[in-house]
1. Enumerate the helices (runs of 4 or more DSSP H) found wholly within the range 1-101, keeping only those where 1 or more residues are within 16 Å of the ligand (Cβ to nearest atom).
2. Looking at this structure, is Gly233 in contact (Cβ under 8 Å) with a residue 60 or more places away in the chain, more than 18 Å from the chain's Cα centre (by Cα) and either surrounded by fewer than 17 Cβ atoms within 10 Å (Cβ to Cβ) or closer than 23 Å to Ala34 by Cβ (or both)?
3. Do the conditions hold for Ala155, that is, is it in the same structural domain as Gly101 (by TED's automatic domain parsing), surrounded by fewer than 20 Cβ atoms within 10 Å (Cβ to Cβ) and closer than 19 Å to Asp340 by Cα?
4. So is Val112 of a type in the set (A, V, I, L, M, F, W, C), touching a Gly at 6+ places or on another chain (Cβ under 9 Å) and crowded, with 24+ Cβ neighbours inside 10 Å or not?
5. Assess whether Tyr289 counts as being under 28 Å from the mean Cα position of the chain (by Cα), crowded, with 24+ Cβ neighbours inside 10 Å and away from the ligand (no atom under 16 Å from the Cβ).
6. Being within 18 Å of Leu178 (Cα to Cα), aliphatic (A, V, I, L, M) and in contact (Cβ under 8 Å) with a residue 24 or more places away in the chain is the filter here; which residues of the range 71-130 pass it?
7. Taking the range 43-68, which residues are of a type in the set (Asp, Glu) and buried (at least 24 other Cβ atoms within 10 Å of the Cβ)?
8. Does Gln236 satisfy the criteria of being among the polar types (S, T, N, Q) and either within 16 Å of the ligand (Cβ to nearest atom) or within 16 Å of Ala303 (Cβ to Cβ) (or both)?
Amino acid sequence: MLMSKKLIVILLDGVGADLFEQYRHRLPHLQQLARQGTLVQRLGADANANSMPARAGILTGVDATRHGVYANDLWDGQRFRPAAAGDLQAPTLARYARAQGKRVASIGFGLVSEEDCDWFLSPWWQDGCLRAKSLNSPDIHSLTGNNESLTRVAANDHRLLQQAWKILDEKRPDLLLLELNSPDYCQHVLGNDRELVAWSLELVDAQLGCLLTRLRDSDLDSQYNLAIISDHGHQQVETALVVEHIIPEVSTHCDGGLLFVKHDDATDMVGIGEKLAVFGVRALDNRSYLPTEKCDRLSVFVAPPHTSFEPAAKHGGSQPTAKPRYISTHGMGPDQPGDDRIAIFAGPDVRPARLARADSLSVMPLLVRLMGLFDVCEEPQTC
Ligand SMILES: [Zn+2]
């Protein structure tokens, strides 16, 4: 049966299945939602368990060979550059919803296009949240720390939540997309301090609790279902491979445990593979990662356990290995349980259930169903 309720989608960046299991007893609001609704204990990772490919999977329900966002950075013919909404080759939940007359708000959610929203705020890493549509003074950056700091990320989460609540309270959109990033960044830079990692989870749990209370107090809780979905897990890293010092003068993109390499021909590729193999790096079969018709000169490699790829810009000296700048990361290659994440669905149309495991691409069809969207079609122009 099709549902017809409104939907709030909150992406919790970097909340792995194992991490949630370890600390859920300290997260009263997520616990309660998990108990009242459906908890997916292990939501399988996308082929590339990094932030942009995972968002693309959640939003489109298809894999990278079809949505095209195979990595956080994409090869544009000249260089690797950050993936953006315009790179998606498949329609998103926001586009489907809007095409069926729903009103859509995206508050800092990566890869959602402004064109598909009634209210829009760009993600904090893109244009510094300066692009906003139909929002009065989003004022996102008045609480800033250093360029890369936990304070900045936590302050952004706080501001995004305030903005999201304002939209919910005043406009009551049919679909609201929001993301909270503190746990991911905290693990990247402080992942070996488990109490701080637990704090970052408690922080987003408390922020969520605040939103839930406001929904309840305004009688909006009966109108909205909730989907809380993480994009990937995290694994601690002991060694970083400094790519430019192993294969100099090659265009590369470091994506956690994955390395994307641009090469000129097969001979070139053999040489690159041999140099990387010295450090235990192995080539991956590209088919599940890359839309091959667009990427015939790209190859994917995976780092050995407890190892990641980092660019030389993050490190002094010329050594091929270094202490990692991100001491915990993700995108560790195929079938790595550490990349698995959680999802929780709750609200008036969600029955209590616990699923031990679900496939990465099963999320989007469920969101479509919760919104009561019909005949989700393949081509955006025909929607
Ligand atoms: Zn992420």
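1. In the range 1-101, 17-23, 51-60, 64-67 are the helices (runs of 4 or more DSSP H) which contain 1 or more residues that are within 16 Å of the ligand (Cβ to nearest atom).
2. Here the answer is no, as Gly233 does not meet what is asked.
3. Taking the combined requirement at face value, the residue does not satisfy it.
4. no
5. Here the answer is yes, as Tyr289 does meet what is asked.
6. Of everything in the range 71-130, those that are within 18 Å of Leu178 (Cα to Cα), aliphatic (A, V, I, L, M) and in contact (Cβ under 8 Å) with a residue 24 or more places away in the chain turn out to be Ala84, Ala85, Leu93, Ala94, Ala97, Val104, Ala105, Ile107, Leu111, Val112, Leu121.
7. The one that is of a type in the set (Asp, Glu) and buried (at least 24 other Cβ atoms within 10 Å of the Cβ): Asp46.
8. Here the answer is yes, as Gln236 does meet what is asked.
The values are calculated or read from the model by the stated rules, or taken from the named source; none is laboratory data. None of the values given here were measured: they were computed from a predicted structure. Here the Cβ is made from the backbone with ideal geometry for all residues, glycine too, and neighbour counts use every protein chain on show.
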